[in-house]
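One structure is given below, encoded as C-alpha cells.
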Amino acid sequence: MTGRTIVITSGKGGVGKTTATANIGSALAMRGKKVVVIDTDIGLRNLDVIMGLENRIVYDLVNVLEGKCKLRQAMIKDKHGYELYLIPAAQTRDKDCIDPDQLRDLCAKLEDQFDYVLMDCPAGIEQGFKNAVGAAREAILVTTPEVSAIRDADRVIGLLEASEIHRPRLIINRIHPDLVKQGNMMDKDDIVELLAVDILGLVPADERTITAANRGVPVVHDKRAPSGAAFLRIAARVDGEEVQLVDLDERSGVFAKLKEIIGLDRRAYSHA
Amino acid sequence: MLDLFRWLLGQVDSNGGREHSKDTARKRLSVVLIQDRLDLPSERMDDMKREIWEVVSRYLVVDDDFLEFEIRRLDELVVLVSNIQVKDTSELAPAR
C-alpha cells in the first residue's frame, strides 16, 4: 500500500484544523479507506477529545518516536467500526522533543499500511509546524473568512512552498451564508483571488459542529448537519472524486430550510 | 415598492450606501498580503512609487493624480503593475 501523507495546517489557531482532521479522517474511513490520524500538537493535544477517544490513551506519538512502545500500541482504534486509528500527541512534553527525521520515517512507515496518513498540525509557524510539514507530502490549508486567518494562511502558503509542498488546497471553514449575502463576509471568490490557491471545500458555520465536539463524535456522523455533509464532500474530493462545490447560499433560503427539516434535501449526502 | 422588493431580496445594502465591510476587508488584505509577501514596508513602496512617477514624467506629460500602482500575484509570479495616465499625447516628448 502506498498511502498519502497530508498535513492539515492553517497558521492561525482556532480556525478548525483539528475539527477538519477528525472529520476528513472519519469520512475517508467511512468511504472504506484505511486511515491514521496523527496529532502533532505536542503539549496541547485535542484530536483525541474531538474524536471521543481521550479515555483510551495509553501511549502517544512521543513514546513511539522514542521507542518506548510499539507503533501498534499507540494506535487507538476509532469507536465507529471503520479502519480509522488515532496516534495522540504527548500532553506533558514540548514540541522540541520531536525529531523531524523520525516523524518523517514514521509517516513513511505508516504509508505502507494505510491509504491516508493525516497530520493535525499545531498552530503557529514554529518548530511544531516545521516538524509536521517536513513529514508531509501534501497539505490542506484551513482558514475562516476573516482577515487575520487569511493573512496567516497566505504566510503558510509561502512556507509550504519553501518546504516543497506545492499547491496546498484550501478549506474555508465557518462561512455564514447570510453574512456573505449581506456583503459582510468575504466569499469564496474573494478569498481565492487573494490567496491564489485551489479550493477543496466550503464549510458552513454550523451549531452542530459544537454539539458534535461536546459529544466527541465528529460531525460527519450527524446526518442532519450541513457542516458534516460539507466534510463528506471534502473527503470525496481528497479521495479523487469529482464533486461539485455546493453553493452554501442555496441552502439558506426558506425552502431549503423547509426541505432540510422535512428531510427532502438529501442532495448533499448523495454526492459523498 | 420596487425598492422594498429589492430590500426584501437583500439586494440593497442596509448600511446607507457605505461600502460593504467585506469589500473593505478584501482591499485591506490585498495590501497587507503584498507587503507580507515582499517584506516591504509601505513607506518604501511610496518612495518607489514616487520615483517611478518622476522618471516617467521626465519623458511624458502625465496626470498627477491618476496613478495606479500595485503588486499582484499572477499565478506563480509576483508582478508589479502600474498604470500612469498620459495626459496630453500632443506633448509626448516635452523639451528637456
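Structure data summary
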quantity: Which of B:Phe66, A:Phe114 has the fewest Cβ neighbours within 10 Å, and the rest in rising order; calculated: B:Phe66, A:Phe114
quantity: Under Karplus coefficients 6.51, -1.76 and 1.60, residue-wise ³J(HN,Hα) of region A:180-191 in Hz, glycine/proline x; calculated: 4, 4, 6, x, 10, 8, 4, 9, 3, 5, 4, 6
quantity: Coil-residue GluC sites (Glu not before Pro) of region A:101-142, DSSP, other Cβ within 10 Å capped at 14; calculated: A:Glu126
quantity: Amide H within-cut-off set for A:Ile38, under 5 Å, with H built and near neighbours excluded; calculated: A:Ile87, A:Leu118, A:Met119, A:Asp120
quantity: Pairwise FRET efficiency - B:Ser21 versus A:Leu44, Cβ, R0 = 41 Å, nearest 0.05; calculated: 0.80
quantity: Derived scalar couplings ³J(HN,Hα) [region A:65-71; Karplus, 6.51 cos²θ - 1.76 cosθ + 1.60; whole Hz; x for Gly, Pro]; calculated: 5, 8, x, 7, 8, 7, 3
quantity: Relative frequency of Cα-Cα separations exceeding 16 Å in region B:40-91, percent; calculated: 48 percent
quantity: Packing-based ranking, highest mean first, of B:78-86, A:41-49 given that Cβ atoms within 10 Å are counted; calculated: A:41-49, B:78-86
quantity: Number of partner chain Cβ atoms within 10 Å, mean per residue of A:182-192; calculated: 4
quantity: At most 14 other Cβ within 10 Å, DSSP loop - GluC sites (Glu not before Pro), region A:159-250; calculated: A:Glu164, A:Glu241, A:Glu242
quantity: Amide proton proximity set for B:Val62, modelled H, under 5 Å, gap of 5+; calculated: B:Lys87
quantity: Phi-based couplings in Hz for region A:231-238 (Karplus 6.51, -1.76, 1.60; Gly and Pro marked x); calculated: 5, 5, 5, 4, 4, 4, 5, 4
quantity: Proximal lysines to A:Lys77, defined as alpha-carbon separation beneath 19 angstrom and excluding residues fewer than eight positions away on the same chain; calculated: A:Lys33, A:Lys34, A:Lys109
quantity: Net +/- balance of residues flanking A:Glu138 in space, Cβ distance below 10 Å, scoring K and R +1, D and E -1; calculated: +4
quantity: Estimated D of the protein assembly as shown in µm² per second, where Rh is the Kirkwood radius over Cα pairs and Stokes-Einstein applies at 20 °C, 1.002 mPa s; calculated: 94 µm²/s
quantity: Sorted by Cβ neighbour density within 10 Å, fewest at the top, the residues A:Arg56, A:Arg72; calculated: A:Arg72, A:Arg56
quantity: Within region B:40-91: Cβ-based charge dipole about Cα centre, in debye rounded to nearest 20 (Lys, Arg +1; Asp, Glu -1); calculated: 140 debye
quantity: Of the trypsin sites (Lys or Arg not before Pro) in region A:166-220, those whose Cβ has at most 11 other Cβ within 10 Å and which sit in DSSP loop; calculated: none
quantity: Residue order, fewest to most beta carbons within 10 Å, for A:Ile140, A:Ile172; calculated: A:Ile140, A:Ile172
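Rule-based calculations on the coordinates, nothing more; no lab input. Since the model is a prediction, treat every value here as computed from it, not as a measurement. Every residue, glycine among them, receives a Cβ derived from its backbone with ideal geometry; neighbour counts consider all protein chains shown.
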